[in-house]
Amino acid sequence: MALHWLVALAVAGQIGLGWFLDEVPRGTPDRTLWINLHKSTGIVLGILILLRLAWRITHKPPPLPLTMPRWERLAASTNHALLYVCLIGMPLAGYIASNHSRFGIRFFGIPLAPWGRDDRAIYSVFNGLHEVLSWLLVALIALHLAAALKHALIDRDGVLQRMLPGKRLPQI
């Protein structure tokens, strides 16, 4: 549960930072600073996401309530799978793009040797994928939050409470 919320908060911050980058003028020292922070935190976040995925694979979540219709169970599992696709694909695409850019990666100020050549075409493909996955991730997170609120406020079936700290509710 703690890893879920740590990743969730970090992803929200990273998405906010990515949007902020659109406002920082290109070719300025400020942009270099913020871009390198985004890349560095993206690498750390990518590692956290892999840890979260490993935890999820080895620790199955409690079953959903039997009162949930089959389509909702399918929607929940599909949304979770797509969230992981975006959560893994987005930092990976950004990392690959950065390794095919003349700017490379400075991991919290330490330059990392690029393993790719400076290639605008490769960079463009993976940077574009990084951006598309970020927007898809935002949509999936919005759906995830809407579903959680529906279960908490309308269905009142304990689904949201399973992921909140505090008293554990009996499984339905």
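With springs only between Cα atoms under 10 Å, which of 83, 21, 153 fluctuates most in a Gaussian network model of the chain? Maximum among the listed residues: 153. Ordered by the number of other Cβ atoms lying within 10 Å of each residue's own Cβ, fewest first, 163, 90 fall into the sequence 163, 90.
The chymotrypsin sites (Phe, Trp or Tyr not before Pro) of region 77-120 meeting both criteria, a DSSP state outside H, G, I, E and B (loop) and at most 11 other C-beta atoms within 10 angstrom of the site's C-beta, are 108, 115.
Sorting the segments 142-152, 64-74 by their mean number of nearby beta carbons within 10 angstrom, highest to lowest, gives 142-152, 64-74.
Taking the Cα centre of region 3-140 as the origin and placing charges on Cβ (Lys, Arg +1; Asp, Glu -1), which of 66, 82, 20 is farthest toward the positive end of the dipole? Highest projection toward the positive end goes to 66. Look at the alpha carbon pairs under 8 Å that are at least 6 residues apart: their mean separation over the length of the chain gives a relative contact order of 22 percent. By other beta-carbon atoms within 10 Å, ranking 155, 30 with the fewest at the front produces 30, 155. For the chain, complete DSSP H runs whose alpha carbons reach 18 Å or more along their own long axis and whose mean Kyte-Doolittle score is 1.0 or higher are 2-21, 120-150. Taking every DSSP helix (H) stretch of at least 4 residues in the chain, weighting each as -39,500 (n - 2.57) and dividing the sum by the residue count yields a mean residue ellipticity at 222 nm of -23000 deg cm²/dmol. Around the amide H of residue 105, modelled in the peptide plane, lie the amide H atoms of 112, all under 5 Å away and 5 or more residues distant in sequence or on another chain.
The fewest-to-most ranking of 31, 156 by surrounding Cβ atoms within 10 Å reads 156, 31. One entry in (i) 20.3; (ii) 17.9; (iii) 16.3 is Kirkwood radius over Cα pairs in Å calculated from the shown coordinates; its label is (ii).
None of the figures in this text is laboratory data; all of them are computed from the coordinates on show. Remember, predicted model here, so these are calculated numbers, not experimental data. Cβ sites come from the backbone with ideal geometry, for glycine too, and all protein chains shown count toward neighbours.
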